[in-house]
């Protein structure tokens, strides 16, 4: 039952993320030089608007800790804490439900002062999606790419080329499963098997460039 509740909440969160993205695109407020934390804060603002208008009791928080129990118990130093860029959570039931976001800026080619290869590599690394794969993030969540230059499908192809050249990944762990959320077609899935579990990780490629 808990799994079904978490999955339904994840689907709802992705729906509202796309709704907030549409608001931002319509408002034309994103600047190409903005940093990831600035864009995430802006997304948070519009997410809160979408949720309020829909009457949802969901909170949106920035830089939310994974909140390891080992840190609370003093077994692990608090400097080891990791933080989601965004966290959506509801306290409407006795058990809180969480959905975390790891966000990265992506570009197809070098743009402004950004290096495309560096940012593409970081997306698939332990600073990006491997946080979910390796269990650094223990809560359910998704990846979001803020695409500031280039086309989403070509960027996914470049990400997959890096994944296939990385010995930590199996050939079946590429980003695929393109699908639509709220008629937005640049949504993808990657699937990962670990020793103890199976992870289906959603990737929302939000184009601003």
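The values are calculated or read from the model by the stated rules, or taken from the named source; none is laboratory data. Model, not experiment: these values are computed from the prediction. Neighbour counts run over all protein chains shown; Cβ positions are idealised from the backbone, glycine included.
Within the bounds of the range 73-83, is there any residue that is at pLDDT below 95, within 13 Å of the chain's Cα centre (by Cα) and assigned to a strand (DSSP E or B)?
Yes - at least one qualifying residue is present in the range 73-83.
Residue 150 - would you say it is more than 16 Å from the chain's Cα centre (by Cα), at pLDDT below 95, surrounded by 14 or more Cβ atoms within 10 Å (Cβ to Cβ) and more than 28 Å from residue 81 (Cα to Cα)?
no
Search the range 13-61 for residues being touching a residue at least 40 places away in the same chain (Cβ under 8 Å), within 17 Å of residue 187 (Cα to Cα) and out of contact with any strand residue (DSSP E or B) (no Cβ under 8 Å at 6 or more places or on another chain), and hand back the single one that is surrounded by the fewest Cβ atoms within 10 Å (Cβ to Cβ).
25
Given the criterion within 13 Å of the chain's Cα centre (by Cα) and modelled with pLDDT under 95, identify the matching residue among 104, 139, 113.
Result of the check over 104, 139, 113: 139.
Among residues belonging to the range 171-201 that are part of a loop (DSSP other than H, G, I, E, B) and either in contact (Cβ under 8 Å) with a residue 12 or more places away in the chain or under 16 Å from the mean Cα position of the chain (by Cα) (or both), point out the one that is nearest to residue 133 (Cα to Cα).
Checked the range 171-201; the qualifying residue nearest to residue 133 (Cα to Cα) is 194.
Inside the range 121-154, can you point out the residues that are in a helix (DSSP H, G or I), farther than 26 Å from residue 4 by Cα and in contact (Cβ under 8 Å) with a residue 24 or more places away in the chain?
121, 123, 152, 153, 154
Looking at the structure I just gave you, is residue 3 more than 18 Å from residue 104 (Cα to Cα), surrounded by fewer than 20 Cβ atoms within 10 Å (Cβ to Cβ) and in contact (Cβ under 8 Å) with a residue 60 or more places away in the chain?
Against the criterion (more than 18 Å from residue 104 (Cα to Cα), surrounded by fewer than 20 Cβ atoms within 10 Å (Cβ to Cβ) and in contact (Cβ under 8 Å) with a residue 60 or more places away in the chain), residue 3 does not qualify.
How many residues does the range 157-170 hold that are in a loop (DSSP other than H, G, I, E, B) and touching a helix residue (DSSP H, G or I) at 6+ places or on another chain (Cβ under 6 Å)?
Of the residues in the range 157-170, 1 are in a loop (DSSP other than H, G, I, E, B) and touching a helix residue (DSSP H, G or I) at 6+ places or on another chain (Cβ under 6 Å).
Just for the range 159-170: of the residues that are within 18 Å of the chain's Cα centre (by Cα) and touching a residue at least 24 places away in the same chain (Cβ under 8 Å), which one is surrounded by the most Cβ atoms within 10 Å (Cβ to Cβ)?
Only one residue tops the list, namely 159.
Assuming residue 125 fulfils every condition listed in (1) crowded, with 19+ Cβ neighbours inside 10 Å; (2) out of contact with any strand residue (DSSP E or B) (no Cβ under 6 Å at 6 or more places or on another chain); (3) closer than 20 Å to residue 81 by Cα apart from one, which condition is it?
Only one criterion is unmet by residue 125, namely (1).
Within the range 99-120, work out how many residues are outside any loop (DSSP other than H, G, I, E, B) and surrounded by fewer than 16 Cβ atoms within 10 Å (Cβ to Cβ).
Result for the range 99-120: 2.
When the range 35-52 is examined, which residues are found to be out of contact with any helix residue (DSSP H, G or I) (no Cβ under 9 Å at 6 or more places or on another chain) and farther than 20 Å from residue 126 by Cα?
38, 41, 52 - these are the residues of the range 35-52 that are out of contact with any helix residue (DSSP H, G or I) (no Cβ under 9 Å at 6 or more places or on another chain) and farther than 20 Å from residue 126 by Cα.
Can you confirm whether residue 190 is modelled with pLDDT of 95 or more and touching a strand residue (DSSP E or B) at 6+ places or on another chain (Cβ under 6 Å)?
yes
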